[in-house]
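The next block holds one structure in the form of structure tokens; read it before the comments.
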Amino acid sequence: MAFFHLLNPHDESHSAGRAGWLRAAVLGANDGLVSIASLMIGLAASGASTSVVATGGLAGLSAGALAMAAGEYVSVSSQVDIENADRAKEARELAERPEAELAELAGIYRDRGVPEELARQVAEALHAADPLQAHLRDELGHSEQGAARPLQAALASAASFLVGGLVPFLGLLGGSSAARAWLIVLLTLCGLAVAGLLAARAAGTGVLRPTLRVVVGGGLAMAVTAAVGQLAQVSGV
């Protein structure tokens, strides 16, 4: 392994390339766990039968997965539109005023601490090779790793929503209505902890704060919906 790194010292693992689908997957899993558990707990707290709770959960699971996929696809597609518009604008400016764009690129490097003469040389070299790519990367911050991928985000979000949303259904194995509700809560909190832990590890960050953030947020959401369901039962709605 050490010999391999000597041959390729820049072969490093970074999380930027995973940012798009990881964000969608984390959001989908958290939403699946919290929304389906909250829905089922709210129904259970209102006094609904097990079949009604299960039916409501299944309806929420299918609707939620489709909504997450559609929402991610539309949202990330809008980001693609913005990136394409930036690319077209930059290409037009390079065609209309190449010298000004060259000076702008040199100024970017100068502002980052590169000496004036060297900054000009670097800008000229990059303009000779691929000026559009140089401006997209260094002026606008575009990169292949961070490029928006709508279909990838939609699939990741829908799949993780389904996986997360199935966890609360295990709570229906409880013997009584109260036992089922508490089992749903317990399993969902465990699922949220696992989702937060996996997301933190995939992102390469510390695990404690992200995991606690996910668990506490999900727990509050379930508490609110349980209170609403209890209120509906008390008021006879």
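The values are calculated or read from the model by the stated rules, or taken from the named source; none is laboratory data. As the structure is a prediction and not an experimental result, all values here were calculated from the model. Positions of Cβ are generated from backbone atoms using ideal geometry, with glycine treated the same way; all protein chains shown enter the neighbour counts. The accessibility values were calculated without ligands, DNA or RNA, using every heavy atom of the protein model including side chains. Shrake-Rupley method; radii C 1.70, N 1.55, O 1.52, S 1.80 Å.
A value for percent of Cα pairs over 29 Å apart was derived from the coordinates, and within the list (1) 37; (2) 50; (3) 33 it appears as (2). Sites counted here are GluC sites (Glu not before Pro) in a DSSP loop (not H, G, I, E or B) having no more than 13 other Cβ atoms within 10 Å; the longest part of the chain that contains none of them is 13-143. Shown is the FRET efficiency for Arg87 and Val114, computed with R0 = 35 Å from the Cβ-Cβ distance and rounded to the nearest 0.05: 0.90. Sorted largest first by accessible area at a 1.4 angstrom probe radius, with every protein chain in place, the residues Ile184, Ile108 fall in the order Ile108, Ile184.
Peptide packing for 187-199, 34-46 was compared via the average number of neighbouring C-beta atoms within 10 Å per residue; ordered from the highest value, the list is 34-46, 187-199. Qualifying trypsin sites (Lys or Arg not before Pro) in the stretch 78-144, where qualification requires a DSSP coil assignment and no more than 11 other C-beta atoms within 10 Å, comprise Arg112. Spin-label model, Ala63/Ala103: points 7 Å from Cα along the beta carbon direction are separated by 5.9 nm. Axis of helix 208-235 versus longest Cα principal axis of the chain: the two differ by about 40°, to the nearest ten degrees. Please state the shape class of the stretch 106-193: rounded when a/c is under 1.5, otherwise prolate if a/b exceeds b/c and oblate if not, all from the C-alpha gyration tensor. Prolate, since a/c reaches 1.5 and a/b exceeds b/c. Rounded to the nearest 10 degrees, the angle from helix 150-166 to the longest Cα principal axis of the chain is 20 degrees. Rounded, prolate or oblate for the stretch 28-155? Axes are the square roots of the Cα gyration tensor eigenvalues, ordered a ≥ b ≥ c, and the cut-off for rounded is a/c under 1.5. Because a/c hits 1.5 or more and a/b exceeds b/c, the stretch 28-155 counts as prolate.
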